[in-house]
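Input: a single structure, listed below in structure tokens.
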Amino acid sequence: MAKQTVLTGITTTGTPHLGNYVGAIKPAIAASRNQDVRSYYFLADYHALVKCGEPERVRQSTLEIAATWLALGLDTDNAVFYRQSDITEIPELTWLLTCVCAKGLMNRAHAYKAAVQANEEAGEDPDFQITMGLFNYPILMSADILMFNAHKVPVGKDQGQHLEMARDIAQRFNHHYGEHFVLPEAVIDDNVATLPGQDGRKMSKSYNNAIPLWVPEKKLRKAVMKIMTNSLEPGQPKDPDDSSVFAIYRAFASDKQRAAMQDAFAAGIAWGEAKQQLFELINAELAEPRERYEALIAEPAVIENKLREGAERARAYSRAFMDKLRHAVGIRPLG
Ligand code: TRP
């Protein structure tokens, strides 16, 4: 059987934190070594423009996210790793898809509807601060996926609707212009580990409770020490199931380490000691990749070259496919 294609995109906004690492980055990097599938990983920098109009932040985030994935061992020999904006066929395809996409389909997008609703509740014009970028976002995402005829697209729960839309758009195009596109399927892992942040709510940059992935050892220790706990004293038994310290610990621990920490909780380990052990565990896992990360950040040209190599591999496919698609819609040489 021919290999299946798996594709996923990472929007280049923000700085990665431990929650991103455990929930998304680590499993995706493990998957990049799978030789049984053809895999595509890309930095969705055009998507970043929908959320962020600050050029320096877009650049910085692209650099940090690329360095993160490389430092953590993304297998770039097996997987194709590229930057969306290097694939000039993607915006071209976006337009072809825009022309078959029903406006009503976009009206139903959750993200757009939420923005309209927020405006209405605030007594604003429904379109207040809504750009066509936000409205068309699902078409750009469809182009990312359909460009490489991906079969499977691992995404978070919030992206399920976008995959439905990609299928719908692909079907319309196929129906009108012939069978060009594979209908992609979302792969949504219901068991993704979500980590609590320092205040016990889900770790997220919007709650300001996130522990950054790449900070010097001392800062990492400080951030771990800030995790909120209850006021049980040393010697008093503690409930691991009601503790952010334990929840984060278990995400990094082997079975044996987890069982030992459970016993320590029952035996009344002091919070300071539990946090020290948590810090040591996280640090042991991140110390080596942190050195690679820092080396990469100091040499952006190395990252740039990697991305260009990836883009060349990706474009070997997208260029030829886009030629076919242009022809299919009637954009053809005349002579
Ligand atoms: N929209 C996705 C997110 O916010 C990122 C993304 C862009 C993506 N294009 C994609 C994911 C294509 C999968 C496939 O998470």
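The values are calculated or read from the model by the stated rules, or taken from the named source; none is laboratory data. Being a predicted model, the structure only gives us computed values, none of them experimental. Quick reminder, even Gly has a Cβ in these numbers, built from the backbone with ideal geometry, and neighbours come from all protein chains shown.
May I ask you to list the residues in the range 138-169 that are within 8 Å of the ligand (Cβ to nearest atom) and either farther than 23 Å from residue 88 by Cα or in a loop (DSSP other than H, G, I, E, B) (or both)? Of everything in the range 138-169, those that are within 8 Å of the ligand (Cβ to nearest atom) and either farther than 23 Å from residue 88 by Cα or in a loop (DSSP other than H, G, I, E, B) (or both) turn out to be 150, 154, 155, 156, 158, 159. With respect to residue 290, determine if the residue is without any contact (Cβ under 8 Å) to a residue 12 or more places away in the chain and closer than 24 Å to residue 195 by Cβ. No: the conditions fail for residue 290. Here are the criteria: (1) away from the ligand (no atom under 13 Å from the Cβ); (2) under 17 Å from residue 10 (Cβ atoms). Tell me which single one residue 172 does not satisfy. (2) is the only condition that residue 172 fails. Considering the range 163-181, the residues that are surrounded by fewer than 19 Cβ atoms within 10 Å (Cβ to Cβ) and touching a residue at least 60 places away in the same chain (Cβ under 8 Å) include one that is nearest to residue 22 (Cα to Cα), namely 168.
Conditions (1) over 19 Å from the mean Cα position of the chain (by Cα); (2) modelled with pLDDT of 95 or more; (3) more than 15 Å from the ligand (Cβ to nearest atom), marked per residue:
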site	(1), (2), (3)
13	no, no, no
23	no, no, no
36	yes, yes, yes
48	no, yes, no
53	yes, no, yes
72	no, yes, yes
81	no, yes, no
86	no, yes, no
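Screening 61, 85, 39 for residues that are of a type in the set (Ser, Thr, Tyr) and under 25 Å from residue 291 (Cβ atoms) leaves exactly one candidate, 61.
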